[in-house]
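Readers should treat all values here as calculations from the given coordinates under stated rules, not as data from a laboratory. Note that the coordinates shown come from a computational prediction; the quantities given were computed from them, not determined experimentally. Cβ placement follows ideal geometry from the backbone for every residue including glycine, while neighbour counts extend to all protein chains displayed.
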């Protein structure tokens with residue numbers, strides 16, 4: 001039997017690479033060159049252009065794996081003739097749930113939901129949450145109907161996953177931070193205990209997202225949303241949110257100047 005597995009469009013990857021990925025689920029166990037080969041083969045298998053970096057790396061539960069960026073879902077919809085219809089929008093308790101239905105050109109159908117906590121959010125914060133739920137639903141159903149059971153970038157903050165910088169040309173792992181603990185990261189930052197409420201839950205989500213983001217612009221958005229929670233959560237929690245923002249800002253600034 002050949003030790004090469006033809007993936008698609010002339011792309012090939014060594015069968016040993018596939019075996020190791022399947023058995024361990026950890027791309028860190030591959031050599032640098034093997035990571036480049038595997039990434040290209042994955043892109044070819046679903047018809048995506050690797051030059052657009054449709055996937056990026058994360059450290060999830062201590063293992064290096066891939067997640068789908070927006071470029072991936074946009075390309076997948078175009079390639080597979082996927083049309084999406086929002087078939088449900090509803091409030092369930094403190095959550096806003098959007099259900100998206102996808103149909104591909106072969107007539108196959110699939111559905112997925114996008115859920116966000118809204119509680120007592122108002123104005124722009126509420127608008128952002130509603131749009132996020134719809135985006136999550138659309139991207140999740142796109143990946144599902146195209147046969148990719150991977151995380152979408154809109155789901156990263158709920159998993160404790162940390163983005164990992166890998167050189168696209170060489171496969172070298174440039175920076176691999178440890179995974180963040182799952183659940184409210186407030187505990188890791190020793191945030192004060194707070195009475196459960198939609199606003200407090202959102203504050204803890206923002207604390208988590210500020211700690212894992214790799215984008216200065218995104219950090220600014222999270223900080224602005226956190227500021228709108230003033231008066232809805234205890235002052236001690238707001239102070240800790242500000243401290244987390246400063247620490248995250250300093251971390252990103254240091255990376256940019258490195």
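Once the Cα-Cα distance is subtracted from the 0.36 nm per residue extended length, the residue 113 to residue 49 segment shows a gain of 20.3 nm.
What FRET efficiency comes out for residue 92 versus residue 228 if R0 is 30 angstrom and r is the Cβ-Cβ distance? Round to the nearest 0.05. The calculated FRET efficiency here is 0.85. Working from label points 7 Å from Cα in the Cα-to-Cβ sense, the residue 235 to residue 106 distance is 6.2 nm. Available extension along the chain between residue 255 and residue 144 is 36.5 nm, counting 0.36 nm per residue and deducting the alpha carbon span.
For residue 28 and residue 83, the FRET efficiency from 1/(1 + (r/R0)^6), where r spans their Cβ atoms and R0 equals 51 Å, is about 0.85. Computed over the range 57-100, the quotient of the alpha carbon radius of gyration and 2.2 N^0.38 Å is 1.66.
Extension gain, residue 63-residue 220: 0.36 nm per intervening residue step, less the Cα-Cα distance, totals 53.6 nm.
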